[in-house]
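To start, the structure itself, in structure tokens.
The values are calculated or read from the model by the stated rules, or taken from the named source; none is laboratory data. Since the model is a prediction, treat every value here as computed from it, not as a measurement. Ideal geometry is used to build each Cβ from the backbone, glycine not excepted, and the neighbour counts take in all protein chains shown.
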Amino acid sequence: MSKSLKKLDGLDPDVVDRLRAAGIRTSDKLLEMTKSAKDREALSQKTGITPRELLRFANLADKLRVKGLGAGYAELLCRVGVDTVRELKYRNPAKLAAAMRQENEQRKLVRLVPTEKAVGRWVEAAKKLPPKITYR
């Protein structure tokens, strides 16, 4: 589901402004414009945002394709070491839910921590998604 860039956790207003100036206003457009290393390099030249940061933002946007996974949860997943959809599909839901609960107690990123069942649905949904980002 496409979201406004303003709704993506982890993007400060300056970054949002630079991406908007490059014609990117939604998470879907961000994902489309950052899908390959070559695309990220070209966008970096336009925006002054490093390719590494663009990849992090692309991975956040990519996680929004997982049914039921919102922007806050996408950022929380990053905080527990799940940076990509590809990584999510190999995770143990019970361990991942526990890690997210522990991390959220410290950082207070989301109001409601997802249940193990919800995390299990995300893992299964991630397994069904075709890849959108290349990493080389």
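Restricting attention to the stretch 40-49, does a residue exist that is closer than 18 Å to residue 129 by Cα, buried (at least 17 other Cβ atoms within 10 Å of the Cβ) and either more than 15 Å from the chain's Cα centre (by Cα) or among the acidic types (Asp, Glu) (or both)?
no
I'd like to verify a number: residues in the stretch 87-107 that are touching a Leu at 6+ places or on another chain (Cβ under 9 Å) and either among the aromatic types (Phe, Trp, Tyr) or over 16 Å from residue 69 (Cα atoms) (or both), how many?
Adding up the residues that qualify gives 2.
A quick yes/no check of all residues on (1) in a helix (DSSP H, G or I); (2) loosely packed, with under 13 Cβ neighbours inside 10 Å; (3) among the hydrophobic types (A, V, I, L, M, F, W, C):
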| residue | (1), (2), (3) |
| --- | --- |
| 35 | no, no, no |
| 72 | yes, no, no |
| 77 | yes, no, yes |
| 83 | no, no, no |
| 87 | yes, no, no |
| 91 | no, no, no |
| 106 | yes, yes, no |
| 126 | yes, no, yes |
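All but one of (1) closer than 19 Å to residue 11 by Cβ; (2) at pLDDT below 95 hold for residue 136; which doesn't?
(1)
List every residue pair whose Cβ atoms sit under 8 Å apart, with the two residues 6 or more apart in sequence or on different chains, where the first one lies in the stretch 17-37 and is farther than 20 Å from residue 52 by Cβ and the second, anywhere, is surrounded by 16 or more Cβ atoms within 10 Å (Cβ to Cβ) and at pLDDT below 95.
Correct list of pairs: 20/5; 25/5; 26/3; 26/5; 28/61.
Restricting to the stretch 9-33, name every residue that is more than 14 Å from the chain's Cα centre (by Cα) and either closer than 21 Å to residue 63 by Cα or not in a helix (DSSP H, G or I) (or both).
12, 13, 15, 16, 19, 20, 22, 23, 24, 25, 33 - these are the residues of the stretch 9-33 that are more than 14 Å from the chain's Cα centre (by Cα) and either closer than 21 Å to residue 63 by Cα or not in a helix (DSSP H, G or I) (or both).
Is it the case, given these coordinates, that residue 72 is in contact with a Phe, Trp or Tyr (Cβ under 8 Å, 6 or more places away or on another chain), at pLDDT below 95, within 26 Å of residue 107 (Cβ to Cβ) and not charged (D, E, K, R)?
Here the answer is no, as residue 72 does not meet what is asked.
Residue 67 versus (1) surrounded by fewer than 16 Cβ atoms within 10 Å (Cβ to Cβ); (2) at pLDDT below 95; (3) assigned to a helix (DSSP H, G or I); (4) not small (Gly, Ala, Ser): which is the lone unmet condition?
(3)
Across the stretch 1-16, which residue is surrounded by the fewest Cβ atoms within 10 Å (Cβ to Cβ) among those that are free of Cβ contacts under 8 Å to residues at least 24 places away in the same chain and of a type outside the set (Val, Ile, Thr)?
In the first step, residues of the stretch 1-16 are kept if they are free of Cβ contacts under 8 Å to residues at least 24 places away in the same chain; the result is 4, 6, 12-14, 16.
Those left that are additionally of a type outside the set (Val, Ile, Thr): 4, 6, 12-14.
Working: 4: 11, 6: 11, 12: 7, 13: 9, 14: 10.
Only one residue fits best here, namely 12.
Using the structure shown, decide if residue 50 is in contact (Cβ under 8 Å) with a residue 40 or more places away in the chain, β-branched (Val, Ile, Thr) and more than 19 Å from residue 127 (Cα to Cα).
The answer is no for residue 50.
Residues 97, 61: which one is under 22 Å from residue 19 (Cβ atoms) and buried (at least 18 other Cβ atoms within 10 Å of the Cβ)?
Details: 97 fails: under 22 Å from residue 19 (Cβ atoms).
When all the criteria are applied, what remains is 61.
I need every pair where a residue in the stretch 53-72 that is within 18 Å of residue 127 (Cα to Cα) has its Cβ under 6 Å from the Cβ of a residue that is among the small types (Gly, Ala, Ser) and part of a helix (DSSP H, G or I), sequence separation at least 6 or different chains.
60/74; 61/27; 63/74; 64/27; 66/125; 66/126; 67/125
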